[in-house]
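Worksheet: the structure to be examined is printed underneath.
The values are calculated or read from the model by the stated rules, or taken from the named source; none is laboratory data. Quantities reported herein were computed from a predicted structural model and do not represent experimental measurements. Quick reminder, even Gly has a Cβ in these numbers, built from the backbone with ideal geometry, and neighbours come from all protein chains shown. Ligands, DNA and RNA are stripped out before the accessible areas are found, and what is left, the full protein with its side chains, is counted by its heavy atoms. Shrake-Rupley method; radii C 1.70, N 1.55, O 1.52, S 1.80 Å.
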Amino acid sequence: MRRRHLMLLAAPLLASSVALAPAHAAPAVAAAVKVTKVEVVTLLKSGETITCDGTPVAMAFDGKVTATGPGTVRYHWTVNTGRARVSPGTLVFGAGASTQVAFLVVDVPAPRKAKAVTGYVTLHLPDQGKSARGEQVTFPCKK
């Protein structure tokens, strides 16, 4: 009798897990997010004199992405003319229009005896087919 009672209690649990399995395994529907604007803001402006002693110089940038509709937007950065993808990530948007910011700090080499150190970044949104390049930043080296 006890065994039968335990089986009766377990039956609804088994049935519910079987019923949920197909819904749980269904692929997610692609989000309807639409990017309307991409820009890169350089946080450190050109002109500050630095010591070029072989130590890299930190340059900071904000990538601003404006979108409408809910969904996730993948991104990555490239530095100067390099093709290497840097700091990949995602931005999550809710319903309506909103702007999300991706912050990036990159170390740009400052070779000894250089006259100046220059750098820029580009923010890429591969799924949206969009990108934006920041302004080039130049720091003169102390003599």
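Can you spot a residue in segment 77-93 that is within 21 Å of K142 (Cα to Cα) and surrounded by 11 or more Cβ atoms within 10 Å (Cβ to Cβ)?
no
How many residues does segment 39-73 hold that are outside any strand (DSSP E or B) and open to solvent by less than 40 Å² (accessible area, probe 1.4 Å)?
Residues meeting the conditions: 2.
Report every pair of residues separated by at least 6 positions or lying on different chains whose Cβ atoms are under 8 Å apart, first residue within segment 49-64 and on the phi > 0 side of the Ramachandran plot, second open to solvent by 20 Å² or more (accessible area, probe 1.4 Å) and among the basic types (K, R).
Qualifying pairs under 8 Å: G54/R112.
Going by what's in this entry, would F103 be described as assigned to a strand (DSSP E or B), more than 15 Å from T81 (Cβ to Cβ), hydrophobic (A, V, I, L, M, F, W, C) and over 18 Å from the mean Cα position of the chain (by Cα)?
no
For residues in segment 104-136 being of a type in the set (K, R) and over 24 Å from T51 (Cα atoms), which is surrounded by the most Cβ atoms within 10 Å (Cβ to Cβ)?
Residue satisfying both the conditions and the ranking: K130.
Looking only at segment 74-99, count how many residues are more than 10 Å from the chain's Cα centre (by Cα) and part of a strand (DSSP E or B).
Going through segment 74-99 one residue at a time, the tally reaches 6.
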